[in-house]
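Comments concern the structure below.
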Amino acid sequence: MKELSIGGVPVSELADKYKTPLYVYDQKMIEDRIEEYLEHFKADGLSTEILYASKAFTCIHMLKIIKKKGLSLDTVSGGEIYTALKAGIDPKKIYFHGNNKSPEEIKFAIDSGIGTFIIDNKEEAEDIKRYMAGRDDKLDVMIRINPGIDAHTHKYIITANVDSKFGISMDEKDIIAETVKGLSSLDNISFSGFHIHIGSQIFEKDAFTAAIEKLCGFMKEMETEYGISCRAIDLGGGFGARYTDEDRPVPVKEMMDSILESLLRERKRHGLSFDKVMIEPGRSIVAEAGTTLYTVGYIKKTPHKKYIFVDGGMTDNIRPALYEAKYDADVANRMDEPKTDLVTVAGKCCESGDILIDGIDLQTAERGDILAVYTTGAYGYSMSMRYNQNGRPAVVFVKDGKDTEAVKRETYESMLINET
Ligand code: LLP
């Protein structure tokens, strides 16, 4: 029986050693994807910076890869910042996002010396000013504006439509100008520019072109009407990944070329002076490098379905239940057998919606087989939970035939560690 290997290690070895369910990351795939971004997100006359969106998947091992490759980091909570600092990321390379940063998080971030706040609203700007007043250290700030662009994606993933909870609407120019001027009244706060993020799992280059056109037009207005100019712009993340054959992500080079070309064109057209651009890819760096291994348990036939039950489910991958996300899979110890058995893969949680794949042709599985679900590297572990007191799986990285446990499996005991 032919078996799947990841990073040179047969999956049965990983399953035996670490048990299942198990998140397995092909480290080389992550590194190669980062290299691709570094190589292609470059243009003459524009400095570029890539921020890895740590919400997609964060743990110290992952952040050490980010550090080694020299990327910056997009964080959205005190916890993400803390993890980044523990991984040795230079605080100056940390950007702090979020629509409702708590006073404690704001203080913690400033006291930790993080480089840039992406301010989401006017009240936050006031809080930051209050905390920065009289301090010797300096802080860069950007303001997140909402361009009102809907990239085609699931409604829970959309982040920039007009009623989104994120950012200040581009139409509220007076408020934006007031916020920028208020921040700039402090010597130790430096406003560098605007941030946008138009959605996630985006497959259209045009969505970014439209956003860039709108943003540059807006910046021109801010310059002429309010005398506010920007040194930098941050275009957010959202680049798509391939989950099933239906997905057609734009190759990194093509997407970056298109973004940089529109940016240079629009900068020239409006005579703008910004000389730096950032992007914040999360999913596209880690999704395809991640595979979840499960052990097949009971198999159940109903009048209309055949279920394969696995030892994980919505607790390690909430995306099918939350977004109707689709996944591809293999019975990993039967790779050479035909995929002719139409099944539904369901988890073990006490919830009818705990379905990982609703209808997929697979190799005929038997109890004890290993099921590999692909492209689980983004928003799987980071959105995992412990419903039914199912402990979170371990996270393992594999590279050149060597496996490294990055996060241990939660045990019965460790799940009770915070109970008083
Ligand atoms: N920057 C900002 C400001 C964001 O809000 C996000 C994602 C990113 C960057 C990274 O986007 P990416 O490159 O990973 O698409 N849980 C959902 C995705 C939510 C994305 C939220 N923001 C999912 O599992 O599909």
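The values are calculated or read from the model by the stated rules, or taken from the named source; none is laboratory data. These figures come from a predicted structure and were not determined experimentally. For neighbour counting, all protein chains shown are included, and Cβ atoms are generated from backbone atoms with ideal geometry for every residue, glycine included. SASA here: full protein model, heavy atoms, side chains in, ligands and nucleic acids out. Shrake-Rupley method; radii C 1.70, N 1.55, O 1.52, S 1.80 Å.
Given (1) surrounded by 18 or more Cβ atoms within 10 Å (Cβ to Cβ); (2) without any contact (Cβ under 8 Å) to a residue 40 or more places away in the chain; (3) within 16 Å of the ligand (Cβ to nearest atom), where does Thr83 come up short, assuming only one miss?
Thr83 satisfies every listed condition except (3).
Please go through region 333-349 and pick out each residue that is open to solvent by 10 Å² or more (accessible area, probe 1.4 Å) and hydrophobic (A, V, I, L, M, F, W, C). Please lay out each step first, then the result.
First pass over region 333-349, keeping only residues open to solvent by 10 Å² or more (accessible area, probe 1.4 Å): 333-342, 347-349.
If the condition is that a residue be open to solvent by 10 Å² or more (accessible area, probe 1.4 Å) and hydrophobic (A, V, I, L, M, F, W, C), then Met335, Leu342, Cys349 are the ones that fit.
Here is a yes/no grid of residues against (1) in contact (Cβ under 8 Å) with a residue 12 or more places away in the chain; (2) open to solvent by less than 20 Å² (accessible area, probe 1.4 Å); (3) in contact with a helix residue (DSSP H, G or I) (Cβ under 7 Å, 6 or more places away or on another chain); (4) within 16 Å of the ligand (Cβ to nearest atom):
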position: Lys68; (1), (2), (3), (4): no, no, no, no
position: Ile94; (1), (2), (3), (4): yes, yes, yes, yes
position: Glu126; (1), (2), (3), (4): yes, no, no, no
position: Arg130; (1), (2), (3), (4): no, no, no, no
position: Pro147; (1), (2), (3), (4): yes, yes, yes, yes
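The rows are residues; the columns are (1) in contact with a strand residue (DSSP E or B) (Cβ under 8 Å, 6 or more places away or on another chain); (2) assigned by TED's automatic domain parsing to the domain that holds Ser200; (3) buried (at least 21 other Cβ atoms within 10 Å of the Cβ).
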{"position": "Leu362", "(1), (2), (3)": "yes, no, yes"}
{"position": "Ile370", "(1), (2), (3)": "yes, no, yes"}
{"position": "Gln389", "(1), (2), (3)": "no, no, no"}
{"position": "Asp403", "(1), (2), (3)": "yes, no, no"}
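For region 200-256, how many residues meet the condition of being under 29 Å from Thr291 (Cα atoms) and in a loop (DSSP other than H, G, I, E, B)?
20
Can you find a residue that is in contact with a strand residue (DSSP E or B) (Cβ under 6 Å, 6 or more places away or on another chain) and either closer than 25 Å to Val76 by Cβ or touching a residue at least 12 places away in the same chain (Cβ under 8 Å) (or both) anywhere in region 409-417?
Here is the first cut: in region 409-417, the ones in contact with a strand residue (DSSP E or B) (Cβ under 6 Å, 6 or more places away or on another chain) are 409.
Checking the rest, the ones that are also either closer than 25 Å to Val76 by Cβ or touching a residue at least 12 places away in the same chain (Cβ under 8 Å) (or both) come to 409.
Yes, some residue in region 409-417 is in contact with a strand residue (DSSP E or B) (Cβ under 6 Å, 6 or more places away or on another chain) and either closer than 25 Å to Val76 by Cβ or touching a residue at least 12 places away in the same chain (Cβ under 8 Å) (or both).
Could you list all residues from region 213-249 that are surrounded by fewer than 19 Cβ atoms within 10 Å (Cβ to Cβ) and within 19 Å of the chain's Cα centre (by Cα)?
Listed by number, the residues that qualify are Arg242, Thr244, Asp247, Arg248.
Answer yes or no as to whether Val296 is in contact (Cβ under 8 Å) with a residue 40 or more places away in the chain, closer than 27 Å to Gly8 by Cβ and away from the ligand (no atom under 16 Å from the Cβ).
On the way: in contact (Cβ under 8 Å) with a residue 40 or more places away in the chain: yes; closer than 27 Å to Gly8 by Cβ: yes; away from the ligand (no atom under 16 Å from the Cβ): yes.
When the stated conditions are applied, Val296 passes them.
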